Structures are given as structure tokens and as C-alpha cells.
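Participant: Below is the structure I would like to discuss, written out as C-alpha cells.
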């Protein structure tokens, strides 16, 4: 039997490149998947790409505790895994008169993760072992980012949140994070255009990552194979932060 057969999985940012690939691998292992995203058109495209009866979509900005709870309730039953990929990557003008980028970065990358976790704490399914939460940080939390300090700060905050939730929710829920490097998705287009080959040359494996390479790590963190992994952050970056 497929490992996730009969289990419900909610993926925020589900219409993005990593979201679609994560849904694909979870569906391949039997899960029922809910894709949550702010963009209705891209949700429709994602559903068409994945093409299965075991997928549903939910349009939401997940910008309030109530919206986060509703996104989880859209699964129609307790949720075995929450995979939080949604986020905002916005250049910071570093302007004392413009606090908007900082506020949006915290709200869209960190606050919603906390609100989702609080909602998940009363909506999880652990009948077949611990439920899972997987949060998404970034190598920016380790390397910093000159043009995106609010984003880097929010992604660093997610690591502290991951560790705290791992202590609070265990043994019923295991909480871990992934920290992708430069992955070839829509979010990375501007960075690739700006830094191009120079950034690629810093990566020991000499290429950008593929969404499926992050998705496979997320699937591992939701699987029985990660039954003793809790409070960890797995970096998926081709070695750039260790080079």
C-alpha cells in the first residue's frame, strides 16, 4: 500500500514550482492533497498539470488566523501533513520612510507559519504515527541577503519557530524545515537574471536546483523514514553554504 494512502496533506504556496512537485510526489505515494495559494488562476493550472481526483484547491492569502484555520479545514478531515511553502520575496528599498517591505516579509513568511501551526495543533491526524509540519526557510537565513534583509530575517525566524514547535508539539507532531538554495522557479527569475553565471559558479555542483529535488526532501520529512527527525533544518542548496 502507498505510504500516504488515505492521508490528507495541505500544501501552501501549492501553485508554485516546488508546490506542484511536492504535490506530485505526495500524490504518487497515495495522499489526498489540498493546494493552497493566493492565485486562483495558477491553482487551476496546477490542478490541470497534476490531473487527479485526489487533489483539491483552496484560494487564500492565509493572512489571518481565521484564514489559516479555514485553509486546513478545507481538507475536510484531520490533516496528516502541513507543508508550508508560501512566502514573499521582495527587494527592500532600505528606506526609513518605507516600512512596508519589512512588514509584508514578516507577515507572509513568518507570521502565517505560526498561525498555521496553531491551527494545525487542533486539526492533525496522527492515527498512523506522528503528524508532520514542514516549514520552508532559505539559505538566506545563513548567508544573509544584501538586497533582501527582511526576507532573510523572516526566514531565520522560521528556524527558531521550527525548533520551538518541535519541542511543543512532539511526540504527536514532528516539525522540521527545508532551506532551499537557488531553485529554478518563478521566484528565482530576478535573481538568476541579475547574478546569472556568477551565482552558479559559487555552487559546488555548478547548477541551480530543480523543484523536484526539494520536493523529495519534503516527502522524506513527511514519511516513516523520518520518524526520529524532529526540529531539524535540511539545506538543499548544492553545497553553496558549506563551500
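Participant: Can you compute the FRET efficiency between residue 210 and residue 2 using 1/(1 + (r/R0)^6), with r the Cβ-Cβ distance and R0 = 35 Å? Round to the nearest 0.05.
Facilitator: On the way: r = 23 Å, r/R0 = 0.66.
Rounded to the nearest 0.05, the efficiency is 0.90.
Participant: Grab the DSSP H runs of the chain that are 4 residues or longer, score each as -39,500 (n - 2.57), total them, divide by all residues and round the 222 nm result to the nearest 500 deg cm²/dmol. Write down the numbers at each step before the final one.
Facilitator: Working: 9 runs with 99 residues, N = 243.
Here the helix-only value at 222 nm equals -12500 deg cm²/dmol.
Participant: To the nearest 10 degrees, how steeply does helix 17-28 sit against the main Cα axis of the chain, on a 0 to 90 scale?
Facilitator: Long axis of 17-28 versus the principal axis of the chain: about 20 degrees.
Participant: Hey, what angle do you get for helix 189-202 against the long axis of the chain, alpha-carbon based, 0 to 90 degrees rounded to 10?
Facilitator: Once rounded, the angle reads 80 degrees.
Participant: Rank these for me by crowding, 124, 151, going from fewest to most other beta carbons within 10 Å. Before the final figure, lay out the partial values.
Facilitator: Values: 124 22, 151 26.
The most exposed by this proxy come first: 124, 151.
Participant: So for the chain, averaging the separation of alpha carbon pairs under 8 Å that are six or more residues apart and normalising by length, what relative contact order in percent results? Spell out each step's value before the answer.
Facilitator: Details: 470 pairs, mean separation 47.0, N = 243.
Normalised by residue count, the contact order of the chain is 19 percent.
Participant: For the pair residue 186/residue 143, report the inter-label distance in nm, with labels modelled 7 Å from Cα in the Cβ direction.
Facilitator: Going by the 7 Å Cα→Cβ label model, 2.3 nm.
Participant: Spin-label point model (7 Å from Cα, Cβ direction): what's the residue 94 to residue 197 distance in nm?
Facilitator: Between residue 94 and residue 197, the simple spin-label model gives 2.8 nm.
Participant: Can you tell me the 0 to 90 degree angle between the C-alpha axis of helix 211-222 and the longest principal axis of the chain, rounded to 10?
Facilitator: So the inclination is approximately 40 degrees.
Participant: Once label points are set 7 Å from the Cα along Cα→Cβ at both residue 41 and residue 29, what is their separation, rounded to one decimal in nm?
Facilitator: 3.4
Laboratory data are not the source of any read-out in this text; all were calculated from the coordinates shown. Since this is a predicted model, take the numbers as computed values, not measurements. So basically every Cβ, Gly included, is an ideal-geometry build from the backbone, and we count neighbours across all protein chains shown.
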